[in-house]
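For reference, the structure is listed below as structure tokens.
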Amino acid sequence: MTGPSGNGPAGSGPPIADPSGAGPVGGHAFTVPVLRLGDILLVTLQGELHDGMAEQLQQDITERIAHTRVTGVVIDISGVDIVDSFLGRVLAEIAAGAGLLAARTVLAGMRPAVAITLVELGLTLPGLRTALDVERAMEMLTAGERDGGSP
């Protein structure tokens with residue numbers, strides 16, 4: 001028997017968003033949806049991400065990579081107006097954890113104001129590649145697979 005995502009046994013891995021849009025599955029009050037598209041996880045952040053939610057997202061992504069053996073993660077931040085130093089650090093830690101589990105991370109959809117803020121804060125986001133949008137991020141990850149996984 002498979003769980004709601006069809007990716008493994010029922011109850012394995014972190015909860016995922018209900019595809020019907022009715023709400024999260026698994027008993028959490030709110031989770032950021034982490035969708036699997038082939039060998040890539042797609043995470044779309046919208047609005048403000050509180051510290052506890054950011055930490056939970058980091059744990060969820062790391063567990064999903066380990067359980068599903070994906071090779072890439074795209075984090076879409078086009079719906080995020082503000083990235084503070086804490087969220088910037090969490091994004092860098094997600095990329096570092098993903099890298100240790102042999103998955104590459106691409107940050108997509110960064111707004112100009114967010115880029116300026118990150119530079120002003122001195123955050124370099126090591127281990128994170130960037131793309132203008134999700135489509136280009138997916139292309140970067142799939143092209144890397146064809147080229148032998150080069151960064």
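Each value in this text was obtained by applying a stated rule to the coordinates, not by laboratory testing. Fair warning: this is a prediction, and the values are worked out from it, not measured in the lab. So basically every Cβ, Gly included, is an ideal-geometry build from the backbone, and we count neighbours across all protein chains shown.
Take segment 38-61 and flag every residue that is over 18 Å from Ala92 (Cβ atoms) and surrounded by 14 or more Cβ atoms within 10 Å (Cβ to Cβ). Hits for segment 38-61 are Asp39, Ile40, Leu42, Thr44. Could you check segment 50-70 and list, in sequence order, the residues that are among the hydroxyl-bearing types (Ser, Thr, Tyr) and under 12 Å from the mean Cα position of the chain (by Cα)? Thr62, the sole residue that qualifies.
Determine whether Asp81 is under 13 Å from the mean Cα position of the chain (by Cα) and more than 17 Å from Arg136 (Cβ to Cβ).
Working: under 13 Å from the mean Cα position of the chain (by Cα): no; more than 17 Å from Arg136 (Cβ to Cβ): yes.
Answer is no for this residue.
Within segment 44-67, residues that are closer than 14 Å to Gly97 by Cα sit with their Cβ atoms under 8 Å from residues that are of a type in the set (Asp, Glu), at 6+ positions apart or across chains, in these pairs: Gln58/Glu93.
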